[in-house]
Each structure stands twice: as structure tokens, then as C-alpha cells.
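The values are calculated or read from the model by the stated rules, or taken from the named source; none is laboratory data. Note that the coordinates shown come from a computational prediction; the quantities given were computed from them, not determined experimentally. Ideal geometry is used to build each Cβ from the backbone, glycine not excepted, and the neighbour counts take in all protein chains shown. When the accessible area is computed, the model is the full protein with side chains, heavy atoms only, and any ligands, DNA or RNA have been set aside. Shrake-Rupley method; radii C 1.70, N 1.55, O 1.52, S 1.80 Å.
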Amino acid sequence: MDPTSKGPLCGDPELGDSEFGDLVEVREALEGLRREIRSRFLSESREAAPWQDVDWQALFGKLRRRMNTFGMSERSGEVDEFGLDEVVLKRALPMLDLLYDRYWRVELSGIEHLPPRGPCLLVANRSGILPYDGMMFAHGLQRRLPELGRARFLIADWLITLPFVQPYLARLGGVRACRENADRLLRHGRSVIAFPEGVKGAAKVFRDRYRLKRFGRGGVVRTALENRVPLVPVGIVGAEEAHPILFKIHGPARSLGLPFLPVTPTFPLFGLFGALPLPSKWVIHIGEPLSLEHLEPDAVDDELLISRLTEELRSRIQSLLDVGLSDRESVWG
Amino acid sequence: MSTGTSEPSVIAVTGLKTFVGQQLLERLVVREPSMRVIGIDQRRPFRLDGRVRFHRVDLSEPTADGRLAEILRRERVDVVVHTAFRREPTPDLEMDHEVETIGSLHIMSACAAAKVRRLVVVSSTMLYGPRPDNPNFLSEDHPLHGHPDAHCVQNRVEMESLLSRWAVRHPDTEVTVLRACWMLGPNHWDRVIRYFSLPVVPMVLGYDPLIQFVHEDDVLHAFETAALTSMPGVYNLVGRGVLPLSTAVRLAGKRILQLPATALYRMAYYPAQSQTGDPPAGFYDYLRYLWVADGARGWDAFGEPVYTSKEAWISFISARRMRRYR
């Protein structure tokens with residue numbers, strides 16, 4: 001086969017044999033050139049290895065600084081009185097937006113029930129181990145109703161004193177759940193998201209999902225009564241599927257400082273990666289506020305009234321959940 | 001003895017070697033020349049103003065109360081400011097208890113016997129105790145839990161419970177308890193400041209609590225006000241605002257060494273046992289859990305503090321030239 005017929009790259013087809021001899025010469029010259037380039041390149045690479053250019057002192061300095069500020073470099077240092085850091089929150093905003101819009105595709109419904117301004121006590125069902133529900137709800141409120149002010153979510157004791165988790169939760173707006181803190185927040189005009197189910201709610205196994213546990217000892221109603229703020233029932237539908245707890249292990253949990261170790265379809269099986277929540281579709285239903293205006297301030301001491309109001313609040317949230325569950329077609333939306 | 005006038009004319013200060021005692025004495029001598037100032041301590045301080053009448057009393061002696069009562073009666077003392085508390089923890093547990101708890105009891109009995117009008121006592125917000133179940137702001141009515149491992153704190157908790165019971169039994173004497181949080185400033189020096197002065201500051205791994213400070217000037221102002229005017233009750237003396245511990249340490253230009261809690265407590269155990277005066281292992285719980293006090297009552301009573309927590313800290317680190325720019 002005529003090599004010249006291969007294509008235009010091989011040159012003019014009318015060239016003779018002598019021309020082919022030239023080609024051989026050219027090829028040899030090219031070979032030489034390539035050898036030279038290669039040797040030069042190799043020698044150059046021998047002279048300037050990538051690790052010879054490194055300024056070790058600077059790198060060590062950088063590493064040392066990095067280690068000194070390990071886990072703290074993202075903080076501004078200016079925190080409000082409950083430990084919220086605006087800079088941390090601002091940096092976490094894209095992540096929160098991603099979780100809110102893409103991952104759980106959170107919807108807020110019934111936002112018209114909220115008071116236009118001024119603090120209110122929002123009471124929701126608790127689910128999951130980490131307080132994603134509180135964080136998402138607070139984030140949604142911040143986006144939809146900025147004039148309400150940033151709502152702070154309450155976190156159970158065992159979570160707020162968990163190592164590594166504790167500083168970050170506080171910087172992102174979590175507050176330890178206790179009467180004093182809720183009172184103080186409401187007095188200062190900040191809305192509060194409370195989860196009166198507490199650890200019982202976080203520890204709910206999958207077959208008990210959306211069935212509300214007992215509501216503490218009436219602390220939420222008392223707090224709302226004392227501070228004269230509206231008590232708003234909230235049902236979060238979808239969050240209870242994000243961490244479906246099959247069963248709980250109590251033995252090794254104590255050494256980790258946890259009340260229990262959850263076993264989800266993914267969690268101990270896939271390690272920490274399995275601790276990621278599942279992308280269920282969330283709908284947050286905000287109900288009509290419980291009217292407390294007609295009650296006297298000394299109703300706080302009426303134990304029967306408090307427990308009746310607590311039960312009413314619980315049944316309202318339960319009905320919000322039931323309606324929400326019957327309306328949705330699929331867990332994944 | 002009580003004379004019925006509102007302005008006290010004789011003030012006795014115990015514990016002249018403590019920071020508050022010494023500085024308060026100097027302030028009173030300079031600012032209130034018409035007032036007679038009595039100093040009471042175990043030993044005569046090296047530098048004592050000539051206008052101060054000094055009396056030697058060892059609070060750990062069993063008969064100290066009788067001697068004190070005699071002095072208070074003879075000098076016609078109106079106000080007693082009790083500041084004789086250790087600023088460094090001591091490994092001598094018995095002596096610590098004798099001086100801090102029983103010594104305070106002697107002071108109380110002497111005040112009752114001499115019918116002193118007013119008793120002002122130094123205390124600390126450390127007595128609330130670092131606990132995971134503390135609310136973010138501890139009010140004055142919160143129970144004092146102390147810390148089981150820190151006997152210096154426990155003794156003072158006992159002292160305060162004795163004092164509150166004593167105050168109920170002696171309604172004629174106004175009792176003012178001023179609980180200051182960690183006091184900072186150019187002149188003050190104690191174990192907390194020694195901890196912050198370490199070149200590498202150890203912290204509990206995974207924890208970064210909010211802490212608060214108060215400047216020494218604000219504390220001294222509050223003590224002076226409490227000694228000169230009538231304001232019975234318990235007050236927290238704290239600066240406004242809180243800051244994370246890591247932020248404070250980084251502001252001082254220090255390195256942070258994060259150690260697991262168990263390792264840190266074990267490490268702190270041996271120096272404390274070997275009588276170097278280092279803080280007991282329980283001290284690190286104060287760097288782990290929240291024990292921030294609510295100072296609103298104190299701010300109402302003694303006026304707005306001049307320094308916030310952060311400003312107190314900056315005043316302290318600039319006075320000690322701690323900041324290294326890197």
C-alpha cells in the first residue's frame with residue numbers, strides 16, 4: 001500500500017523515492033530532537049524536584065497555625081449572649097440553604113398564623129438525633145419572616161454538652177432547653193422553638209413515628225403564660241423519616257456520653273457516613289396559636305389548667321401531623 | 001457600735017493581703033479621710049498606710065471570735081468587709097476549712113456580739129459550679145452547687161450557707177454578698193490568671209464554653225459602694241457580654257492545647273497534689289461547662305460596669321504584654 005495515499009499529512013503524493021530518503025533524515029533529526037528534549041526535561045526535573053522548591057519553614061508555620069486554631073478558624077469571636085456567632089452562621093448559610101431547598105425540599109405552610117412581629121413560643125415534634133428539625137425550621141422562619149427575628153431552637157442537655165457538637169450548636173443558634181433560657185430569650189423579644197418531647201422524642205423508634213410522647217411537665221405552657229406570648233403548635237412532617245431508628249442500644253452509649261445509641265438501616269453499618277440523614281420531603285405545618293390571652297397571669301399556679309392546656313397543645317400538634325401525613329403521597333415527595 | 005447615722009464612720013477590713021482587701025483599704029483611706037479604717041489580718045502587711053489601725057487576729061484560732069468581738073466593740077466598728085479568703089488553692093485541706101469556713105463563722109459571731117451594722121462578704125460566681133445542666137445565665141437565687149473536687153470552692157459554699165442562715169437570725173445586720181466572676185486587670189494575680197499566662201493554654205478537647213470576666217476596677221467600685229451605702233442582698237459582679245474561651249485565648253496570642261478531658265484531669269492531679277499551688281483537677285470543669293452569671297441585679301445596684309468582659313480581658317492582656325503578633 002502506498003504510504004503517500006494515507007492522507008494529506010503524509011505530504012504531496014507526487015514526491016519521489018529521493019523525497020522519502022529526506023523523510024528518513026527528517027525522522028532521524030526529529031528523533032534526536034526528541035531525545036534531547038527528553039534528556040533536558042529529565043535533567044531539569046532532576047534539578048528542580050517539586051519538593052525542593054517548598055519553603056518548609058513557611059509550611060510548618062502554616063500547619064502550626066492551622067493546628068492551633070483547629071476547629072476554631074471559622075469563628076469571629078464575637079458572639080451574642082447565648083453563643084450565636086454571626087460569622088459562623090453566615091458561612092453555614094449555603095449549606096443550610098442546600099439542605100433546606102435541595103435535600104429535604106422543606107415547605108412551610110400556615111405561616112399566616114404567626115404573629116407579624118414580636119416573640120412567640122413555637123412548639124414542635126422532635127425527631128432525629130441531631131437537631132436538624134430545629135435548625136431547618138429556624139432557617140425557614142428566618143427566610144420567610146425576617147421581621148420576626150431569628151428564632152432560637154432549644155436543645156436537650158445531653159446534646160448541648162456533647163464534645164465537638166456543643167461549640168458548633170451554640171454558634172449556630174442552639175440553646176440549652178430550660179425554663180430560664182426560654183424566659184430570657186422571650187423577654188428579649190426572640191422567638192423560641194421548643195421540643196417538649198425532649199429525649200423521648202429524639203429516641204422515638206421508627207414504628208412510633210409521628211406519635212407524640214408526653215410533653216414534659218407543662219413547662220412550655222407555663223413559659224408562654226408567664227411571658228404572655230402566643231403558643232404556636234407546629235407539626236414537622238418528614239423529619240421523622242430522616243433518621244429511622246430501628247432499635248436502640250444502651251450498653252456502649254454510656255461511654256460516649258449519649259443516652260442511647262441509635263441503630264438505623266445505615267448508621268452503624270456504613271459507619272459515620274451512615275449517620276447522614278435520609279433525604280425525605282419535609283413539610284412544616286404551622287397551626288393556629290393557642291389562645292392564652294383570656295387567662296389570668298396567676299393561672300400559672302393552676303396545675304390542672306396547665307396540664308389541660310398541655311394536652312390540648314399536644315392534640316393540636318398531633319392533628320397537624322395526622323392531616324399532614326394523610327395529605328402527602330410519598331415519604332420522598 | 002451602731003450609732004444610727006446613715007454614714008458609717010468606722011470600717012474594718014479583714015484579709016489585708018488579698019487583692020480586694022488591700023485595694024479597698026487604700027481606696028477608703030485616700031477617699032474618705034474622715035473615716036476610721038481598721039485592718040485585721042494574721043500578720044501585719046509590709047506596706048500599710050499609717051492611718052490604718054491594725055489588729056492582729058488569726059482566724060484559725062478557736063478563740064478568734066472573742067478577740068474579734070472585743071476589737072470590733074472597742075473600735076466601735078460600723079461596717080465589716082470580710083475578704084480574708086485564699087486566692088490560691090492549698091493542699092492543706094484542714095487549714096483551708098479552718099480559715100475559710102470556720103474563720104468566717106468567727107467573723108459572723110463577732111459581728112453579732114459587737115452589733116455591727118453591716119457585713120460585706122467577698123464571694124465568687126465559681127460557687128454556682130460548672131454543670132452541664134446550668135442555664136446560660138445563673139441568677140443570684142440559683143442554688144450553689146460548687147464543685148465536689150475543688151475543696152476551696154466547697155468551703156466557700158458552706159460559708160455562704162452558714163452566712164445566709166446567720167443573716168436570717170440577725171436581721172439588725174445588713175449582709176451584702178458580692179459574687180465576682182473571674183477578676184482581671186493590671187494588678188490582680190491569682191490562679192486563674194496563672195492558667196491564662198501559661199505559654200500553651202490547655203483546654204478540654206471538644207468543648208469551648210462561654211466565659212465572662214469582670215475588671216478589678218468595677219469590683220472595687222462595687223465593694224466601696226457596698227461598704228459605704230446600704231444595699232443588703234446578694235449580687236453577681238460580672239462584666240457585660242460573654243466570649244468563647246478559645247476566642248479569649250487567641251486574643252492573648254496564646255497557643256491552645258486541646259486535651260481529652262480524662263487526660264487533662266489526670267495531668268492536673270499531680271501538680272495539685274505536689275503542693276505547687278496549681279489549681280485542682282476540678283478547675284478544668286470550669287473550662288468545660290457553662291457557669292455564666294446574670295449580672296443585671298449588680299448592674300442596677302452599682303451602676304453600669306466600665307469594662308465589658310472583652311474589654312476586661314483586653315485590659316489584662318495588654319497590661320501583661322501578652323499579645324504576640326504572628
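Along each principal axis, taking the top coordinate minus the bottom one, the Cα set of the protein assembly as shown gives 134, 70, 46 Å in descending order. The relative contact order of chain B, computed from alpha carbon pairs under 8 Å that lie at least 6 residues apart in sequence, is 19 percent. With contacts taken as Cα pairs under 8 Å at a separation of at least 6 residues, the stretch B:1-144 carries a relative contact order of 27 percent.
With the dipole of chain B worked out from charges on the C-beta (+1 for Lys and Arg, -1 for Asp and Glu) around the Cα centre, which of B:L138, B:C181, B:H97 lies farthest toward the positive end? Value: B:C181.
Projecting the Cα positions of B:C111, B:M203, B:L287 onto the charge dipole of the protein assembly as shown (unit charges on Cβ atoms of Lys, Arg, Asp and Glu, taken about the Cα centre) puts B:C111 furthest along the positive direction. With a Förster radius of 35 Å applied to the C-beta separation of B:S197 and A:L269, the computed FRET efficiency comes to 0.10. Which residue, A:F260, B:V81, B:P148, has the largest displacement toward the positive end of the dipole of the protein assembly as shown when charges sit on each Cβ (Lys, Arg +1; Asp, Glu -1)? Of the candidates, B:V81 comes out farthest on the positive side. Partner lysines whose Cα lies under 28 Å from the Cα of A:K62, excluding those fewer than 8 positions away in the same chain, are identified as A:K90, B:K254, B:K310. Contact order for the stretch A:86-327, expressed relative to its length and based on alpha carbon pairs under 8 Å spaced 6+ residues apart, stands at 26 percent. The stretch A:100-140 and the stretch B:32-109 have Cα centres spaced 59 Å apart.
Give me the accessible area buried between chains B and A, both sides summed, with a 1.4 Å probe, in Å² rounded to the nearest 100. Adding both sides of the contact gives about 2200 Å². Computed from the Cα positions only, the extents of chain A along the three principal axes stand at 114, 52, 46 Å, in decreasing order.
Bridge orientation summary for the stretch A:86-327: considering DSSP beta bridges with both residues in this region, about 35 percent are antiparallel. Any idea what angle helix B:19-31 forms with the longest principal axis of chain B, computed on alpha-carbon atoms, 0 to 90 degrees, nearest 10? That works out to roughly 50 degrees. Rounded to the nearest 20, the size of the Cβ-charge dipole of the protein assembly as shown about its Cα centre is 1520 debye, with Lys and Arg at +1 and Asp and Glu at -1.
May I ask which of A:K204/A:K248; A:K200/A:K248; A:K200/A:K281 have a Cα-Cα span longer than 18 Å here? A:K200/A:K281, as the Cα separations exceed 18 Å there. Here the 3J(HN,Hα) profile of the stretch B:304-317, calculated from phi with Karplus coefficients 6.51, -1.76 and 1.60 at θ = phi - 60°, is 4, x, 6, 10, 7, 4, 5, 5, 4, 5, 5, 4, 5, 6 Hz, Gly and Pro shown as x. DSSP beta bridges confined to the protein assembly as shown are antiparallel in about 15 percent of cases.
Using 1/(1 + (r/R0)^6) with R0 = 51 angstrom and r between the beta carbons of B:K115 and B:L259, what's the FRET efficiency to the nearest 0.05?
Once rounded, the FRET efficiency stands at 0.45.
Site-free segments of chain A were taken between GluC sites (Glu not before Pro) in DSSP loops having at most 12 other Cβ atoms within 10 Å, sites themselves excluded; the longest one is A:15-292. The longest part of chain B holding none of the exposed loop chymotrypsin sites (Phe, Trp or Tyr not before Pro), meaning those outside H, G, I, E and B in DSSP with at most 12 other Cβ atoms within 10 Å, is B:47-324. Could you give the size of the charge dipole of the stretch A:86-327 about its Cα centre, using +1 on the Cβ of each K and R and -1 on the Cβ of each D and E, expressed in debye and rounded to the nearest 20? Magnitude of the dipole: close to 840 debye.
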